[in-house]
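Have a look at the structure below, then the notes.
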Amino acid sequence: MWLASSRFGAGGPTISAKQDGPERLHVRIAKSGLCSRRAAEKLIEEGRVEVNGKIVIEMGVKVTLDDEIRIDGKAIGIARHYTVLLYKPLGVLTTLDDPDRRPTIVRYLPDYGVQLKPVGRLDRDTEGLLLCTNDGELALRLAHPRYGIEKEYLAHVEGVVGEKALKKLRTGVFFEGRKSAPAQVEVAHVDEEKQITALRITIHEGRKRQVRMMCSGVGHEVKQLKRVRIGPFQLRGMRAGECILVGQKEVKELRKLVGLN
């Protein structure tokens, strides 16, 4: 495990590799940090991308560093990639903008001159570890269940959870029309007097409010929820609102976990 309080920050941001020759347009767009390769392909299909002043809608077009790329009229470059860990406090929205002016994660993110986007979400009433990055390809893979990145939660639920409910949580719970994938579930603590059970739940899916829906589905409403781990990164030692830059070594290891060089 990598501990957030002591292992991050060394080495600075990850810098995209030099371009040795022509590369596909959607790859170049992804290297700008704007979005993933898949999203870049969609931008091309929608006619929003210009190369040297001409709109390009064909896939497979190759570009070099001498070519000027514009999206919606704005020029792009090859960005430095930054990945940070944030301890999202309670009551804060996992979004970069809120029309109702409620507190968002933006107030806690450092200004590196790029737009750091959250990987997945934590709802307003959930606190804990959130990973943010401008590396679009990394974000896409981390969020995809195919790569099996684990997310561990500490959930305090109503009632004393019995073996029958634990078995359902571990094998899968039906909600919103389909069954959740098998999960790792352990009882961390039981307070019989207050009728509260603390559960450690580890999942690799990213469905909306999944842990809350799973627990509700077996008859135990969540009273308090905290994400304590994402893959090899732990919340331990971090304070609410604290944001830590992930070092190059850890980013490289993280990219390997999801099949990126």
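The values are calculated or read from the model by the stated rules, or taken from the named source; none is laboratory data. Quantities reported herein were computed from a predicted structural model and do not represent experimental measurements. Neighbour counts are summed over all protein chains in view; Cβ atoms, including those assigned to glycine, are modelled from backbone coordinates with ideal geometry.
Does GLU186 satisfy the criteria of being in contact with a Leu (Cβ under 9 Å, 6 or more places away or on another chain) and exposed (fewer than 13 other Cβ atoms within 10 Å of the Cβ)? Before the answer, list the steps.
Values: in contact with a Leu (Cβ under 9 Å, 6 or more places away or on another chain): yes; exposed (fewer than 13 other Cβ atoms within 10 Å of the Cβ): yes.
Yes, satisfied.
Among the residues of the range 80-130, what is the count of those that are surrounded by fewer than 17 Cβ atoms within 10 Å (Cβ to Cβ), of a type in the set (S, T, N, Q) and closer than 19 Å to PHE233 by Cβ?
0
Just the residues that are of a type outside the set (Val, Ile, Thr), in a helix (DSSP H, G or I) and over 30 Å from ILE78 (Cβ atoms), please, taken from the range 123-175.
Matches in the range 123-175: GLU163, LYS164, ALA165, LEU166, LYS167, LYS168, LEU169, ARG170.
I need the full set of residues from the range 27-42 which are surrounded by fewer than 18 Cβ atoms within 10 Å (Cβ to Cβ) and either of a type in the set (A, V, I, L, M, F, W, C) or more than 26 Å from the chain's Cα centre (by Cα) (or both), in order please.
VAL27, ALA39 - these are the residues of the range 27-42 that are surrounded by fewer than 18 Cβ atoms within 10 Å (Cβ to Cβ) and either of a type in the set (A, V, I, L, M, F, W, C) or more than 26 Å from the chain's Cα centre (by Cα) (or both).
Pull out all pairs, ordered by first then second residue, where Cβ-Cβ is under 6 Å, the residues are six or more apart or on different chains, the first lies in the range 108-121 and is on the phi > 0 side of the Ramachandran plot, and the second is surrounded by 13 or more Cβ atoms within 10 Å (Cβ to Cβ) and in a loop (DSSP other than H, G, I, E, B).
GLY120/GLY206
I need every pair where a residue in the range 60-80 that is in contact (Cβ under 8 Å) with a residue 12 or more places away in the chain has its Cβ under 7 Å from the Cβ of a residue that is of a type in the set (D, E, K, R) and part of a loop (DSSP other than H, G, I, E, B), sequence separation at least 6 or different chains.
Sorted first by the residue in the range 60-80, then by its partner, the pairs are ILE71/ARG48; ASP72/ARG48.
Going through ALA143, ALA139, ALA188, ALA183 one at a time, which residue ends up being closer than 29 Å to ARG101 by Cα and in contact with a Lys or Arg (Cβ under 8 Å, 6 or more places away or on another chain)? Spell out the reasoning first.
Working: ALA143 fails: in contact with a Lys or Arg (Cβ under 8 Å, 6 or more places away or on another chain); ALA188 fails: closer than 29 Å to ARG101 by Cα; ALA183 fails: closer than 29 Å to ARG101 by Cα.
From the options ALA143, ALA139, ALA188, ALA183, the qualifying one is ALA139.
Hey, can you tell me all the residues within the range 212-249 that are among the small types (Gly, Ala, Ser), more than 30 Å from VAL160 (Cβ to Cβ) and under 19 Å from the mean Cα position of the chain (by Cα)?
If the condition is that a residue be among the small types (Gly, Ala, Ser), more than 30 Å from VAL160 (Cβ to Cβ) and under 19 Å from the mean Cα position of the chain (by Cα), then GLY231, GLY241, GLY247 are the ones that fit.
Free of Cβ contacts under 8 Å to residues at least 24 places away in the same chain, more than 17 Å from LYS151 (Cα to Cα), assigned to a strand (DSSP E or B) and not basic (Lys, Arg) - does that describe any residue in the range 178-195?
Yes - at least one qualifying residue is present in the range 178-195.
Tally up the residues in the range 76-134 that are over 22 Å from GLU150 (Cα atoms) and out of contact with any strand residue (DSSP E or B) (no Cβ under 8 Å at 6 or more places or on another chain), please.
So the count comes out to 12.
Tell me the residue from ALA165, ALA183, ALA143 that is modelled with pLDDT of 95 or more and closer than 13 Å to ILE203 by Cα, please.
None of the other options fit; the residue is ALA183.
Sort out which residues of the range 79-96 are part of a loop (DSSP other than H, G, I, E, B) and either in contact with a Cys (Cβ under 7 Å, 6 or more places away or on another chain) or modelled with pLDDT under 95 (or both), and write them in order of number.
ALA79, TYR82, THR95, LEU96
Matching residues to (1) under 25 Å from CYS132 (Cβ atoms); (2) in a loop (DSSP other than H, G, I, E, B); (3) touching a helix residue (DSSP H, G or I) at 6+ places or on another chain (Cβ under 6 Å):
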{"site": "HIS26", "(1), (2), (3)": "yes, no, yes"}
{"site": "CYS35", "(1), (2), (3)": "yes, yes, yes"}
{"site": "ALA39", "(1), (2), (3)": "yes, no, no"}
{"site": "GLY47", "(1), (2), (3)": "no, yes, no"}
{"site": "MET59", "(1), (2), (3)": "no, yes, no"}
{"site": "ASP67", "(1), (2), (3)": "no, yes, no"}
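May I ask you to list the residues in the range 215-239 that are assigned to a loop (DSSP other than H, G, I, E, B) and either touching a helix residue (DSSP H, G or I) at 6+ places or on another chain (Cβ under 6 Å) or surrounded by 15 or more Cβ atoms within 10 Å (Cβ to Cβ) (or both)?
Answer for the range 215-239, where residues must be assigned to a loop (DSSP other than H, G, I, E, B) and either touching a helix residue (DSSP H, G or I) at 6+ places or on another chain (Cβ under 6 Å) or surrounded by 15 or more Cβ atoms within 10 Å (Cβ to Cβ) (or both): VAL218, HIS220, GLY231, PRO232, LEU235, GLY237, MET238.
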